[in-house]
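Asks: Quick one: the structure is below, and I'll ask about it shortly.
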Amino acid sequence: IDRGLPEPQSSLFAALLLGTRGGLPRPLLDAFAIAGLTHLIAISGAQITLVVNLLRGVAPYLGVSRPRAFWGISALLVGYLVLIGAPASAVRAGIMGWLLLLTYHLGRQSYPWPMFALAAAAMAWQEPRILRDDVGFELSFAAVAGLILWQPMFERWLRRVPQRGGLRTALAMTLAAQLMTLPLVLVRFGRLSLVAPLANVLVVPLVAAITAVGIGLLAAALLLPALGWALLLPAWGALTYLVAVAEVASRLPYAAVAWALPAWTLAPMYAALVGWGRKLRP
């Protein structure tokens, strides 16, 4: 990555693929936070589930049967976790993403809740403090819950958006995850990004594509190091666009506003979201 890309694209690519944010400059990190895009540069349940769902959606167009797609994506997921060193946050995200994949494979899309509750309980049993101290656990679980509960509605409401390249699915997933993580963001961080929905719509489909094909591009660059810079040119263009969207969105008037809510509001907000989602669910 460092040989084939300049900064800040190099550090951003490493953050997207490996979750390493140490090389990103502080102004760019602040721009991502204000624009509501920080979740893209962390290995989270939403990110892994997004990639899993996109691979699952693309498989039929490549002539891959559902059983083969399940085993192939599962193998890719395990290999990816090994590649990035299997940190606890990524393992947690991988478990959630794989469980969602399993529900689709078994044809039980309507009954994923017990599996996710079991996964959360197992993680909490192994380390109870995550319920109190690990905001990443809360955000990951809320995002995946949003995909289960709200994604079908958003796909129905966005039916006029073309599905080419998985665009409609990516947009529906983005909005569903953003909606279910919003209460946590307001309580834990006290800031509401007003530009986050638009910024995410502009970049999430592209980020998912970068993540899905990035390892392939890197493998090709390793095999042909002399052409590494040329092979990574598409990634450079996409990353430059991502940086531009984050910087422009963060500079808009009222891009983010301070809006802190007390912790006791979490329960009623999530009760309302779950109840509303279940009522609207087709």
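Asks: Can you pull out the trypsin sites (Lys or Arg not before Pro) in the range 147-247 that DSSP calls coil and that have at most 13 other Cβ atoms within 10 Å?
Replies: Working: sites: ARG156, ARG159, ARG160, ARG164, ARG168, ARG188, ARG191; in loops: ARG159, ARG160.
Loop-located and lightly packed - ARG159, ARG160.
Asks: Remind me, relative contact order of the range 143-205 in percent, using alpha carbon pairs under 8 angstrom and six or more residues apart?
Replies: 39 percent
Asks: Turning to a different aspect of this structure: Report the equivalent ellipsoid semi-axes for the chain in whole Å, largest first, defined as the square roots of five times the eigenvalues of the gyration tensor built from alpha carbon atoms.
Replies: Working from the Cα gyration tensor, I get semi-axes of 28, 24, 19 Å.
Asks: Hey, rough spin-label estimate for TRP229 and LEU252, points 7 angstrom out along Cα→Cβ, what's it come to in nanometres?
Replies: Here the modelled spin labels are 3.6 nm apart.
Asks: With only Lys, Arg, Asp and Glu charged, each at its Cβ (+1 for the first two, -1 for the last two), find how big the charge dipole of the chain is about the Cα centre; round to the nearest 20 debye.
Replies: Roughly 880 debye, rounded to the nearest 20.
Asks: Moving to a separate point now. Residue by residue through the range 242-253, what is 3J(HN,Hα) from phi via Karplus (6.51 cos²θ - 1.76 cosθ + 1.60, θ = phi - 60°)? Round to whole Hz and write x for glycine and proline.
Replies: 4, 4, 4, 4, 4, 5, 5, 4, 5, 8, 5, x
Asks: Would you pull out the residues with amide H under 5 Å of ARG191's amide H, same chain only if 5 or more places away, H placed 1.01 Å from N?
Replies: The list, which skips near neighbours in sequence, is TRP259.
Quick note: the coordinates plus some simple rules give every number you see, no bench work behind them. None of these values were measured; they are calculated from a predicted model. Methodologically, a virtual Cβ is constructed for each residue, glycine included, from the backbone with ideal geometry; neighbour enumeration extends over all protein chains shown.
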